[in-house]
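This report refers to the structure that appears directly beneath it.
The values are calculated or read from the model by the stated rules, or taken from the named source; none is laboratory data. Remember, predicted model here, so these are calculated numbers, not experimental data. All Cβ positions, glycine included, derive from the backbone under ideal geometry; neighbour counts span all protein chains shown.
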Amino acid sequence: MEDPDSTAQLPLPSLPDNSTARVIRLHPRGGAKSLGNAATTAKDAGSDHCRSDQQTTNRQTASKRNCLWYALYFPQLGELNKPQQEKYLHELAGLVQSVSSTVSFHPLTLICEIRSSLKYFAGIDVIHNKLKQQLGAQLSAWDLANDFLYAASPTVTASLLLARSGRNTLVYQKENLRSALGKLPTEVLDLDKEQRRRLYNMGVRHLSDIWRLPGDGLRKRFGSNFVNQLNKALGKVPEPTRNYLPPPAFATSCELPYELENLDRLLPLADEMLAQLCDFLRRRDLATSHLLFSLSHERRSSTKIELGLRQASRSQEHLMLLLETRFSNLTIPAPVSTIKVEAKNFDAFSGHSDSLLITGKPATRRYNDSKLSQFIEQLQSRLGEHHVKRVNNLAEHCPEYASQQFNLNSLNDAEKNKPVTTEQAASNPRPFWLLQDPVQLTLRKGKLYHRKTISLVSGPERIETYWWSGSNIRRDYYVAREANGSRLWIYREKGVEKNWYLHGFFA
């Protein structure tokens with residue numbers, strides 16, 4: 001292989017699947033060294049001079065300078081829309097993390113730092129073959145072309161430009177970047193249509209033609225971004241990157257030394273597992289609104305306990321209170337052998353701050369919406385998720401259809417995110433509690449009876465509607481009072497029989 005000091009670039013061979021991994025040997029100073037062993041040269045050279053803080057800083061700076069950035073360019077993603085491109089790049093970045101802990105995003109491209117991984121994988125060819133297999137399988141699963149363009153160099157932008165050129169090139173030393181990039185066509189640059197036209201009219205076809213032009217004139221004609229792009233490629237200015245962070249995931253389980261039938265004995269263990277979850281959330285400034293507890297049994301299907309929160313939380317005490325409430329109403333089919341906790345949904349943490357200036361009574365200062373949400377969550381845990389409803393007004397004259405109920409089940413994302421529009425309520429008195437089926441009242445000797453005698457207080461209010469649907473509603477509504485003090489909402493039909501009915505109770 002040629003001496004890299006005398007050549008600007010080396011091709012990255014695309015090995016067949018059945019071939020063995022081969023280490024690219026480079027010659028950074030005198031003797032030939034493998035790329036994997038050369039990655040530790042700067043570190044080994046500086047280990048003998050670690051007595052001085054300044055020398056330690058210089059070694060860290062040199063290590064940062066000696067990064068090797070591996071670019072993977074996916075031109076087939078250009079046929080997709082922007083959201084789909086970002087989604088696919090995030091999934092591919094998760095696969096690239098198997099060879100590098102630093103993965104950054106660029107248009108249609110993923111770039112990872114592999115200098116620190118060369119010694120572990122015994123060379124760049126092994127890394128390339130591993131990525132080719134994993135990424136190719138994923139691209140094929142999406143019905144896309146399973147190949148990609150790639151390149152490696154000491155700077156992020158240079159690797160990006162080299163990968164776009166399709167030459168599958170390795171540039172090891174930063175001193176060779178200018179020569180290697182000079183052979184690339186100007187099409188690899190991020191330029192708009194007007195900038196490309198100007199370069200073409202100036203007779204500039206390759207980057208080497210740009211090297212001969214004065215920098216001040218380039219900045220004046222094409223702007224600072226154009227010049228900065230070239231300087232980043234040559235390593236003259238720093239390059240900020242947007243690194244990939246894998247989505248948070250938390251799941252922990254514990255296999256019990258012996259089976260337990262009493263759920264109360266599981267609470268200390270569950271408390272410890274929730275402490276791990278809350279510590280995980282605090283370290284990432286997150287909260288959760290959906291937890292899944294799984295209780296495994298021998299020869300029985302697992303018991304699933306889902307905790308849905310109206311407001312995301314990371315309070316161990318609150319989560320433990322909800323779990324204790326669930327356990328108090330839970331009947332298990334068999335003794336428990338394993339307990340597992342999994343966070344199904346993560347949300348950004350939103351804290352609550354009290355007012356800086358204390359005003360009003362202490363009782364009013366202590367109230368906030370989060371306490372109301374916690375109270376409703378406790379009701380859901382005790383009564384069941386579908387027994388606590390949210391009521392909304394509708395623009396209907398008929399009382400049966402003038403309100404709508406929603407489940408407060410936060411596990412249903414479609415229902416949780418569904419916007420609720422509230423209509424103007426009727427100005428006449430309306431009870432909050434309506435009977436699902438009106439109860440017919442008894443009329444004896446000219447007096448109405450429910451449990452006790454009923455006397456009319458106000459009314460009537462006539463409601464006539466739904467004549468177009470075949471079920472004609474014609475009623476006269478009254479506010480009435482029962483002898484025991486209850487306030488009732490009753491009506492009398494305007495039909496032939498003219499019966500009286502109880503339809504609701506006032507508070």
Legend entry - Matching residues in segment 486-507 - criterion: being under 16 Å from W433 (Cα atoms) and either part of a strand (DSSP E or B) or not hydrophobic (A, V, I, L, M, F, W, C) (or both): S486, R487, L488, W489, I490, Y491, Y501, L502, H503, G504, F505
Legend entry - Pair list, Cβ < 7 Å and 6+ apart or interchain, from segment 165-185 residues that are on the phi > 0 side of the Ramachandran plot to residues that are outside any helix (DSSP H, G or I) and modelled with pLDDT of 90 or more: G166/L149; N168/L149; N168/Y150; N168/A151
Legend entry - All strands (runs of 3 or more DSSP E) inside segment 393-481 with 1 or more residues being among the aliphatic types (A, V, I, L, M), over 30 Å from E306 (Cα atoms) and modelled with pLDDT of 75 or more: 433-440, 442-444, 447-449, 453-465
Legend entry - Exclusive hit being at pLDDT below 90 and buried (at least 23 other Cβ atoms within 10 Å of the Cβ), set I210, I111, I124: I124
Inset, instruction - Of the numbered conditions (1) of a type in the set (S, T, Y); (2) within 18 Å of A507 (Cβ to Cβ); (3) exposed (fewer than 13 other Cβ atoms within 10 Å of the Cβ), Y477 fails exactly one; give the number of that condition. - result: (3)
Inset, instruction - Enumerate the strands (runs of 3 or more DSSP E) found wholly within segment 75-160, keeping only those where 2 or more residues are under 29 Å from the mean Cα position of the chain (by Cα). - result: 103-106, 109-113
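Matching residues to (1) modelled with pLDDT of 90 or more; (2) over 20 Å from E261 (Cα atoms); (3) not aliphatic (A, V, I, L, M):
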site	(1), (2), (3)
S296	yes, no, yes
R299	no, no, yes
Q311	no, yes, yes
S328	no, no, yes
S337	yes, no, yes
K340	yes, no, yes
Inset, instruction - Just give me the residues in segment 106-130 being of a type in the set (A, V, I, L, M), out of contact with any Leu (no Cβ under 7 Å at 6 or more places or on another chain) and closer than 23 Å to Q76 by Cα, in sequence order. - result: I127
Inset, instruction - Just give me the residues in segment 109-138 being among the small types (G, A, S) and either without any contact (Cβ under 8 Å) to a residue 40 or more places away in the chain or closer than 19 Å to Y244 by Cβ (or both), in sequence order. - result: S116, S117, G136, A137
Legend entry - Where Q276 falls short, out of the listed (1) under 27 Å from T155 (Cα atoms); (2) surrounded by 12 or more Cβ atoms within 10 Å (Cβ to Cβ); (3) among the polar types (S, T, N, Q): (1)
Inset, instruction - Looking at (1) at pLDDT below 90; (2) surrounded by 19 or more Cβ atoms within 10 Å (Cβ to Cβ), find the lone condition where P154 falls short. - result: (1)
Inset, instruction - Report yes if T252 is part of a strand (DSSP E or B), of a type in the set (V, I, T), on the phi < 0 side of the Ramachandran plot and out of contact with any Phe, Trp or Tyr (no Cβ under 7 Å at 6 or more places or on another chain), otherwise no. - result: yes
Inset, instruction - Would you check if T453 is hydroxyl-bearing (S, T, Y), on the phi < 0 side of the Ramachandran plot and touching a residue at least 60 places away in the same chain (Cβ under 8 Å)? - result: no
